[in-house]
Amino acid sequence: PSNGWEPGFWAMTNFQNQMMELAERARERVKNNQSSPLEYFMYNAVLDVDALAQYMEISRRKVRKHLTPEGFEKLSDDMLRRYAHVMHTDIETIKKFKSTL
């Protein structure tokens, strides 16, 4: 019998737990108007800024700008739709997230 999968299993479990913790911290920042809802959904989708930028095919600088409340407010529905698709959610969920906190 092989135990070769066990280290990988625990590494992935720890990574997922870390991302969920980051998502909860992001939720608090969104609630306090220190971040945009995109940060929460990014971590919830187990992504970081680099991965999100790559999937969105935009620069990391733009993603970081969109993670701010000011940058988020300026996003078009088309760009929000792209983010929603990448993060496996819908545009309305992202738009209404802060009001649900």
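Summary table below
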quantity	calculated
Accessible carbon and sulfur surface of the stretch 1-90 relative to its total accessible area, %, 1.4 Å	50
For the chain, built as a Gaussian network whose Cα springs stay under 10 Å, the top-fluctuating residue of R61, R29, R81	R61
Cα→Cβ-extended label distance, 7 Å offset, between K74 and M12, nm	4.0
The stretch 42-73: GluC sites (Glu not before Pro) in DSSP loop, at most 14 other beta carbons within 10 Å	E57
The chain - accessible surface per residue (Å², probe 1.4 Å)	68
Helix-derived mean residue ellipticity, 222 nm - over the chain, DSSP H n ≥ 4, -39500 (n - 2.57), to 500	-20500 deg cm²/dmol
Inter-label distance for N32 and K96, nm, one decimal - labels placed 7 Å from Cα along Cα-to-Cβ	2.7
Sequence of S99, S35 from largest to smallest accessible area, 1.4 Å probe	S99, S35
Dimensionless Rg ratio for the stretch 1-78, taking C-alpha atoms and the 2.2 N^0.38 Å reference	1.34
The stretch 38-93 - convex hull of alpha carbons, volume per residue in Å³	70
Check: the chain dipole with +1 on Lys, Arg Cβ and -1 on Asp, Glu Cβ, in debye	400
Contact order relative to length of the chain, as percent, for alpha carbon pairs under 8 angstrom and 6 or more apart	25
Highest-fluctuation residue, K65, K31, K74 considered, GNM on the chain with Cα pairs under 10 Å	K74
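The values are calculated or read from the model by the stated rules, or taken from the named source; none is laboratory data. A quick note: this is a predicted structure, and the numbers were derived from the prediction, not measured. Heads up, the Cβs are rebuilt from the backbone with ideal geometry, glycines too, and the neighbour counts pull from every protein chain shown. Accessible surface is based on the protein model in full, side chains and every heavy atom, while ligands, DNA and RNA are left aside. Shrake-Rupley method; radii C 1.70, N 1.55, O 1.52, S 1.80 Å.
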